[in-house]
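Reviewing the structure listed below.
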Ligand SMILES: [Zn+2]
């Protein structure tokens with residue numbers, strides 16, 4: 001008996017652009033031009049992404065990730081290669097695509113588990129994830145050109161993918177509710193701010209889609225998160241010696257940061 005693979009919800013958000021919702025865990029995006037397609041992020045790898053892409057288009061496709069975290073590169077073992085910014089291709093990131101971490105992450109994700117998805121749905125792949133580092137990334141899909149813009153913060157190698165044609169930006173996890181700046185590999189709050197301000201500027205002309213929960217970010221909310229970051233900087237005069245994790249403002253959508261990583265280390 002074969003077990004039927006669970007399929008994620010796929011819905012269009014613009015012409016030839018689709019949201020692939022990996023069971024309310026991660027939002028991935030598929031962009032199809034006239035000659036090629038691009039899959040942005042491959043979740044924790046809880047579904048068959050090639051089947052998901054093939055349900056929408058027969059075009060050849062490339063896979064690229066907004067950053068090297070388990071819930072964005074977890075499906076990398078399903079592909080020959082996944083393009084990730086060079087700064088997010090370290091050993092720490094490669095370990096994030098391991099079956100151990102993918103299962104651990106799934107175990108702790110209540111939203112995913114509510115879909116009847118468990119750690120065993122993070123299947124072991126016959127090959128290791130092959131993260132291909134890039135410094136610059138640009139792909140012509142035929143009528144859509146997508147480029148990456150480096151936005152350090154949530155990780156040092158976080159990028160936003162810009163679809164110029166459709167005026168869309170896929171910003172990963174770099175500005176959002178409950179922004180995580182407390183993990184290993186995150187920048188200081190000070191170093192994150194310019195990336196967030198860049199996204200805010202862009203949001204005047206582009207729709208912004210991120211990696212989790214409600215996919216589209218409003219300009220107003222991006223401005224609110226930037227304001228919180230500025231207040232963190234104003235509230236402190238220097239980095240502490242010992243790392244303490246704080247949430248500001250102290251509410252469920254506040255920024256999570258480390259007191260020893262507020263300012264850029266000199
Ligand atoms: Zn992340």
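Computed from the Cβ-Cβ distance with R0 of 30 Å, the FRET efficiency linking residue 216 to residue 136 stands at 0.65. In percent, rounded to a whole number, the relative contact order of the range 140-264 is 25, using alpha-carbon pairs under 8 Å and six or more apart. Suppose a student asked you for the relative contact order of the range 71-161, using Cα pairs under 8 Å spaced at least 6 residues apart; what percent would you report? RCO, the range 71-161: 35 percent. The range 90-130 and the range 167-203 have their alpha-carbon centroids 24 Å apart. Between residue 167 and residue 34, the contour length at 0.36 nm per residue exceeds the Cα-Cα span by 46.2 nm. Peptides 201-212, 42-53, 109-120 ranked from most to least packed by the mean count of surrounding Cβ atoms within 10 Å: 42-53, 201-212, 109-120.
Extension gain for residue 251-residue 264 works out to 2.2 nm (0.36 nm per residue, less the C-alpha to C-alpha distance).
Highest average first, the peptides 22-34, 245-257 ordered by how many other beta carbon atoms sit within 10 Å of their residues are 22-34, 245-257.
Kirkwood-type hydrodynamic radius, the range 155-266: 14.3 Å, calculated from all non-identical alpha-carbon pairs.
Peptides 13-19, 67-73, 233-239, 166-172 ranked from most to least packed give 67-73, 166-172, 13-19, 233-239, packing being the mean of other C-beta atoms within 10 angstrom over each peptide's residues. Within the range 67-124, the percentage of alpha carbon pairs spaced more than 13 angstrom apart rounds to 59%.
As an equivalent ellipsoid, the range 110-176 spans semi-axes of 28, 17, 15 angstrom, where each value is the square root of five times an eigenvalue of the C-alpha gyration tensor, largest first. Here the alpha carbons of the range 170-227 define both size measures, Rg and Dmax, at 10.8, 33 Å.
Taking a quarter of the surface of the Cα convex hull of the chain gives a mean projected area of 14.2 nm². Here the relative contact order of the chain, from alpha carbon pairs under 8 Å that lie six or more residues apart, stands at 14 percent.
No lab work stands behind these numbers, since they all come straight from the coordinates. All values reported here derive from a predicted model rather than from experimental measurement. FYI the Cβ positions are ideal-geometry reconstructions off the backbone, even for glycines, and counts take in every protein chain you see.
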